[in-house]
Amino acid sequence: MMRRVYLDHAAGKPVDQRVLEALNLFFSERYGNPSSLHTWGNDARKAMEDARAKIVSLVGAKRAEEVFFTSGGTESNNLAIKGVAYRNRDKGNHIVTTAIEHMSVINPCKALMKEGLDVTFVPVDKYGTVDLSSLEKAVTDKTTLVSVMYANGEIGTIQPIREIGDIAHRKRALLHVDAVAAVGQMPIDVERENIDLMSVSSNDIYGPRGVGALYVKTGTRIQPIIQGGGQERGLRSGTENIPGIVGMGKAAEITQAEMKTESRRLALLRDRLIKGLTENIPSSFLNGHPTQRLPDNANVRFSYIEGESLILSLDMLGVACSSGSACTSKTLEPSHVLLAIGLRHEEAHGSLLFTLGKQNTEEDVDYLVNAMPDIVKRLRAISPLTPKELLT
Amino acid sequence: MYTDKVMEHFRNPRNMGEIPNADGVGTVGNPVCGDLMSIYIKVKDNRLEDIKFKTFGCGAAIATSSMITELAKGKTLEEAMKISRGDVADSLGGLPPIKMHCSNLAADGLHAAIQDYLKKKGANK
């Protein structure tokens, strides 16, 4: 049988078996609504608060009241940005964010611009690190929120969050951090790093999809964007997704216990993969930061060829990954992140994203590294852009 | 996402390569958009005696290039000019809607190569 190697963990992760066991009963047997006063309700409420305590512990929050469950990273980002922008209009009408944020940050910001708010998108350098002097210039007394991701899920670059927080706080702006890609891969402490709001997703820590959380520091001025029955202390209405929340809690507990060992293991695999590809294939390059990088992330570009053909070719050999190509997106534009680090369109089109996970082994990485040169060679032979000297 | 026919042409593209001293060359698309295609033709007695392609692009771009060489080879110039984008897509069992616009360039490439040939021929008279 053909080997199957899944290297697309940023797109989706398997749910940990221990998580599945923990959440299953909450579908069929422990189905109470945490708002109910009876025994079933109390049981669900207790399970939810146990889960909340585990998220509190994972992110270094002080109180249970600081963690709000949502439907995932996208909702957490929307809530943080719109909720803070609307609630703090008396202070100002300006948001500062970066050119490489996730679409669930960029698009709410663009929606707010249509409503008359000002948004500044701060540039990044060629490694994807936020330009701190541009950021400092962008933040004014009218800025209510600075939103910067902890690490970029596409190119892996980790941001200097503490410095960014200092800049925001000097102008009394709040700091929101999209930590979806980073949580579970590195220790994050919202207290120590002066983070006011932080988005987390369940599936990114091997929990079920459809659930996430937003950390909101006590005293932060924010208003809901979903109205209803007033669940989550009024900030996020809607009957709580108890199986999802229980699963996310269990995933947080496992992640916290295993993170140190697992991240070290992944970083070694990552470096083996990057070295194996860039050293064996001419005109191939690492995108993103060489050292300030998520342990699971390798983004490599191959000149003169296009990402979707690479993905199809790898899929035929049982390998799954993603690309920065327009052809794999819903729009016709290549990745805004790759363009923001200064790549030309055709370079962005030829970039592949490999994200490692728990079940990946050295053998998986070696299988990819061995298969890739022939794939690149074949596609370069088809491409009219390939220089003659690469065709031999 | 793709039909078996598209994948088959992607795996085993027909008539891939360049023709040295081609009678006509048509290059369409733009690497900025992620698709760039060159079609090379050799013309004899008003017929496409040989046709080859080189393509930078996605699976659909490579498959449509391969397919057009099959559709056009041996045809008269007039017949070849009538091959449309729709004909190429149909011969591949269809393309995903988003690819119909961006990657289905092969007919344009063929027509550009024929026009290049006719222009050169006119200039030589």
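Structural remarks
- The condition of being buried (at least 19 other Cβ atoms within 10 Å of the Cβ) and assigned to a loop (DSSP other than H, G, I, E, B) does not hold for A:Gly249.
- Looking at A:Leu385, A:Leu368, A:Leu390, A:Leu353, just one residue is of a type outside the set (Gly, Ala, Ser) and touching an Asp or Glu at 6+ places or on another chain (Cβ under 7 Å), and that residue is A:Leu353.
- The condition (being in a helix (DSSP H, G or I), within 14 Å of chain A (Cβ to nearest Cβ) and of a type in the set (D, E, K, R)) is satisfied by just one residue among B:Lys99, B:Lys121: B:Lys99.
- Matching residues in the stretch B:14-67 - criterion: being more than 19 Å from A:Ile375 (Cα to Cα) and of a type in the set (Phe, Trp, Tyr): B:Tyr40
- Every pair of residues 6+ apart whose Cβ atoms lie under 7 Å, when the first sits in the stretch A:250-275 and is closer than 26 Å to A:Ser351 by Cα while the second is among the acidic types (Asp, Glu) and crowded, with 17+ Cβ neighbours inside 10 Å: A:Leu266/A:Asp296; A:Arg270/A:Asp296
- Counting only residues that are in contact with a helix residue (DSSP H, G or I) (Cβ under 6 Å, 6 or more places away or on another chain) and of a type in the set (Gly, Ala, Ser), the stretch A:1-52 holds 5 of them.
- All conditions but one from (1) under 18 Å from A:Val216 (Cα atoms); (2) of a type in the set (Val, Ile, Thr); (3) assigned to a strand (DSSP E or B) apply to A:Val180; the one that does not is (3).
- Among residues of the stretch B:61-96, those that are within 14 Å of chain A (Cβ to nearest Cβ) and over 12 Å from the mean Cα position of the chain (by Cα), counted: 2
- Of all residues making up the stretch B:24-47, the number that are more than 8 Å from chain A (Cβ to nearest Cβ), under 17 Å from B:Lys120 (Cα atoms) and in contact (Cβ under 8 Å) with a residue 60 or more places away in the chain: 7
- Count of residues meeting criterion [in a strand (DSSP E or B) and within 14 Å of another protein chain (Cβ to nearest Cβ)] in the stretch A:351-389: 2
- So B:Pro13, is it assigned to a loop (DSSP other than H, G, I, E, B), facing chain A (nearest Cβ under 8 Å) and either of a type in the set (Phe, Trp, Tyr) or without any contact (Cβ under 8 Å) to a residue 60 or more places away in the chain (or both): yes
- Among the residues of the stretch A:2-29, those that are in contact (Cβ under 8 Å) with a residue 60 or more places away in the chain, more than 20 Å from the chain's Cα centre (by Cα), under 24 Å from A:Ile254 (Cα atoms) and surrounded by fewer than 20 Cβ atoms within 10 Å (Cβ to Cβ) comprise A:Arg18, A:Leu20, A:Asn24, A:Phe27.
- Residue check, A:Val119 at pLDDT 95 or above, within 24 Å of A:Pro295 (Cβ to Cβ) and part of a strand (DSSP E or B): no
- Residue list for the stretch A:100-116, restricted to those being part of a loop (DSSP other than H, G, I, E, B) and buried (at least 18 other Cβ atoms within 10 Å of the Cβ): A:Ile100, A:Glu101, A:His102
- Residue match in the stretch B:51-64 (condition: out of contact with any strand residue (DSSP E or B) (no Cβ under 9 Å at 6 or more places or on another chain), modelled with pLDDT of 95 or more and not in a helix (DSSP H, G or I)): no
The values are calculated or read from the model by the stated rules, or taken from the named source; none is laboratory data. Predicted model only: the values in this text are computed from it and were never measured. No Cβ is skipped: glycine too gets one built from the backbone with ideal geometry, and neighbour counts run over all protein chains shown.
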